[in-house]
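The next block holds one structure in the form of structure tokens; read it before the comments.
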Amino acid sequence: MPVTTYPTAPIDGQVPGTSGLRKKTQVFSSPGYLETYVQAVLNAIGAPGKTLVLGGDGRFFNDTASAIILRMAAANGVAKVIVGQNGILSTPAASHLIRLRKADGGIILSASHNPGGPDGDFGLKYNIANGGPAPESVTDEIVSKATTITEYHMTDTAAPSLSQVGTLTLDGMTLEVVDPVEDYAVLMDELFEMPAIRALFASGFRMRFDAMHAVTGPYAKEILVNRLGAHPNTVLNGAPLKDFGAQIGGGHPDPNPVWAKPLYDLMMDEDAPDFAAASDGDGDRNMILGRDIYVTPSDSLAVLAANADLAPGYAGGINGIARSMPTSGASDRVAKKLGIEAFQTPTGWKYFGTLLDAGRATLCGEESAGTGSNHVREKDGLWAVLLWLNILAVRRESVADILTAHWAEFGRNYYSRHDYEAVDSGLAEGIVADLRARLDTLAGTTAAGSLVTSAEEFAYTDPVDGSHTTNQGLIISFEGGARAMLRLSGTGTEGATIRVYLENYAGPEEDHSLDAQVALKDVIAATEEITGIRTRTGRDHPDVIS
Ligand code: G1P
Ligand code: ZN
């Protein structure tokens, strides 16, 4: 087999963040950069004889990167790669494929909801045999290899076209090209009451799903339109584009009220359809909307958990609910009522893996539009949409009525996230460091009329494997159950993003009709008084409020 060995490029201690390695496309495609990181992955996992899954969200550089990875896998003795047709797999579909085919792991090419294109972002994430993101022990090993190896290996043979489903070989390595949608659609059929959802659509129920020109277009068309009988106009922006439509209309595949504004506005209209949803670049995030109502991801997790038993896949009940630390406590209240365990983990899906594997958590969620379950080991946008549809099909109530009834039963956790983006990294780190240094002195102080009951830095000991993680964000708790959380983003590619998470609880008998920013105004004021973010960054408001 003709293999050439090349010198590596410096990865200069770039630690993969919350979700794999994510950089500007120009950095990723610079000579030797992707190759060096891929060689580090292959060395860390011990490539010879392994079976790997490969696929990405189709963004710019996806096809070039897939070809390079296949040639490197062959050169490093990988036995087989199962790859999505045209190099495409949504993140949840990749997770499922790793599990279904009992692969040793997989490489997912995506920068999630970050913009794509030559001036956008690119990313690479290694997932382990359970289908989930590699834990820190593995990513540490990859980083250590990436910074010490001096050469990488690649076959001279060009990678074959991935446009046809079927089995090929590349210099002795088996290459199986699979339909990216089929296996995933079968899994959804198993989990949900498809005839009930089909009947819902047949009854005139109207929905819009915004695929944001990203990977879920073909998945949504197959499942919602072909299998469930939704009207073909249900799927908006269903044609995947390499830049997610940035050129044609400023598209940015982040399913939130800011970037999916047209969908949001449509749903705030009197003639709005009954239900709407959107998903991100790689299909793992979701946004849920009803007529005249936006469901926060934290509330969505709670409602899904409280109603999961309406879907066949969860008919026996759920074992536990895990949420990331900054996610609101709404799902904890559901867990309490169901008499099941509730877990608070650090930010990032990788921390749910052990709980899911051990059967202690069935549903998981993050405030950042991520919801999922034990059916795969990634968050799953379309899964969340289908579980909502299943619940709507059984309850035959509006989204707004379901949410109102939920708050009347459990109370409402008012919630919002304020992001300060592209802040000078030194300044952002200074703000966090200064607050960290004062944590011990905060309890008992009053800020903007709110009494601080405790302040701490979040650390986590995994209840399954005992691994310990520190520095996972600062938490300020106020009298009455309000919380403010502060952490720096681990996925940004420009300067630092300061995330401030704000939460306040109104019990079942209290007013649930307030605007979240109004309900949170005291917590917001107290947090600014304590942290000085606006003063120190010179900004009078956050860049993004979600
Ligand atoms: C963000 C989200 C986090 C999510 C991650 C990957 O990370 O906040 O919940 O797991 O993207 O999708 P962050 O930029 O905050 O580090
Ligand atoms: Zn994503």
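Brief remarks on what is shown
- Spin-label model, ARG206/ARG539: points 7 Å from Cα along the beta carbon direction are separated by 3.7 nm.
- Antiparallel %, DSSP beta bridges [both residues in the range 309-384], to 5: 35
- Close amide H pairs (under 5 Å, H built 1.01 Å from N) link LEU236 with PHE209, ASP210, ALA211, residues at least 5 positions away or on another chain.
- Tensor-based shape of the range 14-100 (alpha-carbon gyration tensor, a/c under 1.5 rounded, otherwise prolate or oblate): rounded
- Mean Cβ neighbour count within 10 Å, used as a protection proxy, ranking 326-334, 416-424 highest first: 326-334, 416-424
- Summary of the geometry: the range 427-496 and the range 225-241, compared by the centres of their Cα atoms, lie 42 Å apart.
- Checking the Cα-Cα distances for LYS125/LYS350; LYS80/LYS221; LYS80/LYS125 against a 22 Å cut-off, the pairs over it are LYS80/LYS221.
- Set of the range 70-112 residues, backbone N closer than 17 Å to the point 7 Å along the Cα-Cβ line of THR157: 70-83
- Gyration tensor verdict on the chain (Cα atoms; rounded if a/c is under 1.5, prolate if a/b is larger than b/c, oblate otherwise): oblate
- With the simple spin-label model, which puts each label point 7 Å out from Cα in the Cβ direction, the THR150 to GLU494 separation comes to 3.9 nm.
- Between ALA400 and THR470, full extension at 0.36 nm per residue minus the direct alpha carbon distance yields a gain of 21.3 nm.
- Amide H contacts under 5 Å for PHE343, placed H, 5+ residues apart: ILE321, ALA322, ARG323
- Taking 7 Å steps out from each Cα toward its Cβ at ASP515 and ASP265 produces label points 1.8 nm apart.
- Peptide packing: for 309-322, 384-397, the average count of neighbouring Cβ atoms within 10 Å per residue gives the ranking 384-397, 309-322, highest mean first.
- A rounded overall shape is assigned to the range 313-390, the ratio a/c of its alpha-carbon gyration tensor axes (a ≥ b ≥ c) being less than 1.5.
- Descending by average beta-carbon neighbour count within 10 Å, the peptides 350-357, 301-308 line up as 301-308, 350-357, the highest first.
- Distance distribution P(r), the range 108-253, all Cα-Cα pairs, bin width 10 angstrom from 0: 9, 24, 33, 24, 8, 2, 0 percent.
- The largest-to-smallest principal axis extents of the Cα set in the range 207-272 are 33, 31, 16 Å.
We did not get these values from a lab; they are worked out from the coordinates using the rules stated. Given the structure is predicted, the values throughout are model-derived calculations rather than measurements. Counting neighbours? That spans all protein chains shown, and the Cβs are built from the backbone with ideal geometry, glycine included.
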